[in-house]
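Read the structure below first, then the notes.
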Amino acid sequence: MSDHDLWPGVARRLRAQVSPREFETWLRPLKLRLEDSRAIFTVPNRFFADWLSERYLSAINQALMSESGNHLETVFEVADQEPSPAVVTPAPAEVPRELSLNPAYTFSSFVVGPCNELAHAACQAVADQPGRQYNPLMIFGGSGLGKTHLVSAVGNQLTGRDPGFLVHYTSSEAYSNEMIQAVRFDGIQSFRNKYRQVDCLIIDDIQFLSGRERTQEEFFHTFDSLFQSGKQIVLTSDKMPRDIPGLAGRLRTRFEWGLPADLQTPDEETKIAILQRKAAEKNLVLSRKVASYLSRQPESSVRVLEGYLNRLMAVSRLQGVEADLELARQVVGPLVSERQVGVDEVLGAVASHYGLKVADLKGSRKTRDISHPRQVAMYLARRLTRSSFPEIGRAMGGKDHSTVVKGVKRVEQLMAKDPELGETVRVVEAAIQGGRRGG
Ligand code: ADP
Ligand code: MG
């Protein structure tokens, strides 16, 4: 088979496994030729080669194997000449989107309650005196509990008070994309300068630094440069640094220097106050009764609660009826029951799929035929239930929360490489959801 025949098939297989954007950026530009039993890919530069071998090597090997039926050794060869214009011109979708502060996320629009008092106070202190206490400031919390809102409030207050004070807000993913583009297009020096001259750097969702070695390396230098010149660093994460897999030790220790402040699930009173604030911002009337009904739903995320509120208000407007308790029950009830899955249900479904007993999953035997399904159960419990890592650990026979974190991460990694596992997970999930609808 000539090289010419092989590449389209390989490319098709790869395309099915990665996002369109990854494919366009990293895989489409590849050129393949075969020499003996070697598959040689010509790539524009060294960085490109490292990136491919870190992220896509096993996918590429698999695709080659499936297409050619032979074991080929994959080699990345850096082109001697300048990369062709086709490679260096970024498609619009590749350009990293600059994130910016949401002006609506201010301290005055943030409702303070026992669940977020400490985090709020820490953010306020940093906004009053950046770079003094609490550097870096780390805000932790589950999804939708107000991390982005609070750290944006810091940024908004700082720029509001002094427009010359340079605040840069981004997420770890956008930072990573921006860095990659900078490396590819020889802009790394201006990228560094840009980040090292800010007065306050806010990086949202640093858990996505996980496993990105090159980004971590770069961020390490940015961090030290800012820290040494007394500039404020504000970070958010959904996990404690020690629970972020694939985070370099030197970054972890730096993240632990500062004050960690966490956001907890709001209690009912705080939920009611938040919902009423959101309604008031949109000039809507939300009775206390309805707010209280919404806040009693087994839902920890403020974002999801807000979604219920928006849905209720939309239906009310559309049907021209009042957003009373009855309408709230009609509109929100079905949304809520869809989401309530318990860890026990997940364990039952996983056990029956793999032909095991629930007790095996809760037990501690470490043979792969049991430990793998156990990790799948952890993954699904995390995805489908409202339980926290420690709660899942407890429900699974008293396992440590870090064991659950690792299990979930492991399944995520495996799924990225193994489409069959993805299919298995979907089947088990459908069984859980189907069982619920039936019963
Ligand atoms: P996270 O970044 O933790 O996932 P966000 O900051 O995006 O969460 O918050 C999700 C939504 O909930 C936002 O619309 C935010 O304004 C709102 N929210 C969360 N907590 C509060 C609060 N205490 N007061 C007002 N709004 C809140
Ligand atoms: Mg956020």
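Solvent exposure of segment 385-428, expressed per residue, is 52 Å² of accessible area, with all protein chains present and a 1.4 angstrom probe. How long is the gain from SER66 to ASN310 if the chain were fully straight, where each residue apart is worth 0.36 nm and the alpha carbon distance is subtracted? 83.0 nm is the gain from fully extending SER66 to ASN310. Treating r as the C-beta distance of LEU118 and GLU77 and R0 as 35 Å, the FRET efficiency rounds to 0.05. MET240 contributes about 70 Å² of solvent-accessible surface, heavy atoms of the protein only, 1.4 Å probe.
Rounded to the nearest 0.05, what FRET efficiency is calculated for LYS31 and ASP369 with R0 set to 41 Å and r the Cβ-Cβ distance? That pair, LYS31 with ASP369, gives E of 0.45.
Here THR148 sits with roughly 40 square angstrom of accessible surface, probe radius 1.4 Å.
For segment 252-322 versus segment 164-225, the inter-centroid distance based on Cα atoms is 32 Å. Working note: Karplus 6.51/-1.76/1.60 with θ = phi - 60° gives segment 57-65 the couplings 4, 5, 5, 5, 4, 4, 5, 5, 4 Hz, where Gly and Pro are set to x.
Derived from the Cα gyration tensor, the three semi-axes of the equivalent ellipsoid of the chain are 39, 32, 22 Å, largest first.
Computed from the alpha carbon atoms alone, the convex hull of segment 343-438 holds 85 Å³ per residue. Largest first, the residues PHE227, PHE41 sort by 1.4 Å accessible area into PHE227, PHE41.
If both residues of a DSSP beta bridge must be in the chain, then about 15% of such bridges are antiparallel. Note on GLN228 and GLU269: the model spin-label points, each 7 Å out from Cα along the C-beta direction, lie 4.9 nm apart. Once the Cα-Cα distance is subtracted from the 0.36 nm per residue extended length, the GLU322 to ILE188 segment shows a gain of 42.6 nm.
By accessible area, using a 1.4 Å probe on protein heavy atoms only, segment 287-439 has 50% of its surface on carbon and sulfur. Accessible surface comparison of ILE233, ILE188, probe 1.4 Å, protein chains only, largest first: the order is ILE188, ILE233.
Spatial offset of segment 401-431 relative to segment 101-127 amounts to 35 Å, using the alpha carbon center of each.
Across the accessible surface of segment 3-78, with the other protein chains kept in place and a 1.4 Å probe, carbon and sulfur atoms take up 47 percent. Model label sites at ASP238 and ARG252, defined 7 Å from Cα along the beta-carbon direction, differ in position by 2.0 nm.
Express in Å², to the nearest 10, the accessible area of GLU326 obtained by rolling a 1.4 Å probe over the protein heavy atoms while all chains stay in place. Its heavy atoms expose roughly 120 Å² to the probe. With every protein chain in place and a 1.4 angstrom probe, the accessible-area ranking of ASP50, ASP369, largest first, reads ASP369, ASP50.
Evaluate E = 1/(1 + (r/R0)^6) for GLU412 and ALA280, where r is the Cβ-Cβ distance and R0 equals 41 Å; express this FRET efficiency to the nearest 0.05. Efficiency computed from Cβ-Cβ geometry: 0.55. Per residue, the convex hull spanned by the Cα atoms of segment 268-336 amounts to 73 cubic angstrom.
The values are calculated or read from the model by the stated rules, or taken from the named source; none is laboratory data. All figures in this text were calculated on a predicted structure; none of them were measured in a lab. With ideal geometry, Cβ positions are generated from the backbone for all residues, glycine too; neighbour counts draw on all protein chains shown. Accessible surface is based on the protein model in full, side chains and every heavy atom, while ligands, DNA and RNA are left aside. Shrake-Rupley method; radii C 1.70, N 1.55, O 1.52, S 1.80 Å.
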